[in-house]
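Participant: The structure is given below, and queries will be raised subsequently.
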Amino acid sequence: MKEEKNKIKFLVINDMHNRIQNVRKVISKVKSEKFDFVLCCGDIVNVPTGDNDDKSIIDSYMPLMYNIFLELEKIAPILWVPGNHEPYIYFTNYYKEVTSNSKNIHKKFEKLSENLYIVGLGGSTPMLDGGKWSKDFIPFKDIDFEKYKYPGYPYNNSSNNYIESDNMLLKDFNEVLIEGKKVWGESQLIFLTHNGPIFTPTNSMEVEGEYLYLGSKSIGDIFQNEENCFINVHGHSHLSEGYVTVRQNKHILNVGANYNGNYGTLEIIKDKEGKWNVFSFSIEYV
């Protein structure tokens, strides 16, 4: 994974939630294209949140997870992070890789090319309930951080308090960043996360008249403040696929849920000064 390149093409796919048939449709559709990596933002399987550490339950999901990864390996090596519906073992330091050509980078980092690293963080924080949608609703002003709709995993304290849960995530993310900076120095970074930044169009959605907020305040803060990070690829929010440019050469990408047939392609290119930039991004459907 350390071959020096001036252009890198990714297949981006996530939130399959057991639907291997949609993965196979993607493989069939892109088989004539050349990709360098598959990026997967998690929720490959659909272990019920809260049962992630119940061995009697998660064992039944492992063969399906293995087979989904075997399909994706037909395209390119896989870099992935676990979602909130993955077995707990993929959040620990002693997990085994799912397949020989996949790498779980939760709380880890990987060199992709000269001056370019990818940093991973899986899992989710609680989903916030913004209440009933109205044209006068002001997200930053009206949101209640104590009012959650669904718990997160593994970043979920006993009372489902959003701020305390997000601080748990912040601790883990800071650990990998502190360790990584000793290695990558001034290299540019891609964040591969399951949760994306909260309060973005790629991480909020209206469902049956309610406005729901997914995502992490800490991921958003780190993305904004980490000058070397120019892309955050995330999933988790099934209905909020999109591409957001926060400012020059800072982009947030969510291809949407493969459960619904979504996937995407991302190409980055290195300019004459050695700086990586987004060359193209597209969201596709099967």
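Participant: Quickly run through segment 155-183 and pick out the residues that are among the aliphatic types (A, V, I, L, M), touching a residue at least 12 places away in the same chain (Cβ under 8 Å) and surrounded by fewer than 16 Cβ atoms within 10 Å (Cβ to Cβ). Walk me through how you get there before you give the answer.
Facilitator: Step one: list which residues in segment 155-183 are among the aliphatic types (A, V, I, L, M), which gives 163, 168-170, 176-178, 183.
This time we only want the ones that are touching a residue at least 12 places away in the same chain (Cβ under 8 Å), so: 163, 168-170, 176-177, 183.
Residues satisfying the conditions are I163, V183.
Participant: Turning to a different aspect of this structure: Considering only residues that are surrounded by fewer than 16 Cβ atoms within 10 Å (Cβ to Cβ) and not β-branched (V, I, T), look in segment 243-262 and name the one that is nearest to F199 (Cα to Cα).
Facilitator: Taking segment 243-262 as the starting set, the residues that turn out to be surrounded by fewer than 16 Cβ atoms within 10 Å (Cβ to Cβ) are 245-249, 260-261.
Narrowing the set further to residues that are not β-branched (V, I, T) leaves 247-249, 260-261.
Values: R247: 15, Q248: 19, N249: 19, N260: 23, G261: 25 Å.
The qualifying residue nearest to F199 (Cα to Cα) is R247.
Participant: Ok, one more. Do we have L192 as under 25 Å from K111 (Cα atoms), part of a strand (DSSP E or B) and touching a residue at least 60 places away in the same chain (Cβ under 8 Å) here? Show your work before the answer.
Facilitator: Values: under 25 Å from K111 (Cα atoms): yes; part of a strand (DSSP E or B): yes; touching a residue at least 60 places away in the same chain (Cβ under 8 Å): yes.
Against the criterion (under 25 Å from K111 (Cα atoms), part of a strand (DSSP E or B) and touching a residue at least 60 places away in the same chain (Cβ under 8 Å)), L192 qualifies.
Participant: Exactly one of (1) within 21 Å of D53 (Cα to Cα); (2) surrounded by fewer than 18 Cβ atoms within 10 Å (Cβ to Cβ) is unmet by E186. Its number?
Facilitator: Only one criterion in (1) within 21 Å of D53 (Cα to Cα); (2) surrounded by fewer than 18 Cβ atoms within 10 Å (Cβ to Cβ) is unmet by E186, namely (1).
Each row is one residue, and each column tells you yes or no for (1) part of a strand (DSSP E or B); (2) without any contact (Cβ under 8 Å) to a residue 40 or more places away in the chain.
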| position | (1), (2) |
| --- | --- |
| I222 | no, no |
| E227 | no, yes |
| N232 | yes, no |
| L239 | no, yes |
| T245 | yes, yes |
| K272 | no, yes |
| V278 | yes, no |
| I283 | yes, no |
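Participant: What do you reckon, is F173 at pLDDT 95 or above, within 21 Å of the chain's Cα centre (by Cα) and closer than 21 Å to I13 by Cα?
Facilitator: Numbers: at pLDDT 95 or above: yes; within 21 Å of the chain's Cα centre (by Cα): yes; closer than 21 Å to I13 by Cα: no.
No.
Participant: Whether any residue in segment 263-280 is over 30 Å from S28 (Cβ atoms), of a type in the set (A, V, I, L, M, F, W, C) and surrounded by 18 or more Cβ atoms within 10 Å (Cβ to Cβ) is what I want to check.
Facilitator: yes
Participant: Ok, one more. Which of the numbered conditions does D172 fail, given that it passes all the others? Conditions: (1) more than 19 Å from N104 (Cα to Cα); (2) not in a loop (DSSP other than H, G, I, E, B).
Facilitator: Failed condition: (1).
Participant: Further question: What tally of residues in segment 94-124 results from selecting those that are at positive phi and without any contact (Cβ under 8 Å) to a residue 24 or more places away in the chain?
Facilitator: 0
The values are calculated or read from the model by the stated rules, or taken from the named source; none is laboratory data. Not measured: the values here are computed from a predicted model. Note that each Cβ is placed from the backbone with ideal geometry, even for glycine, and that neighbours are counted across all protein chains shown.
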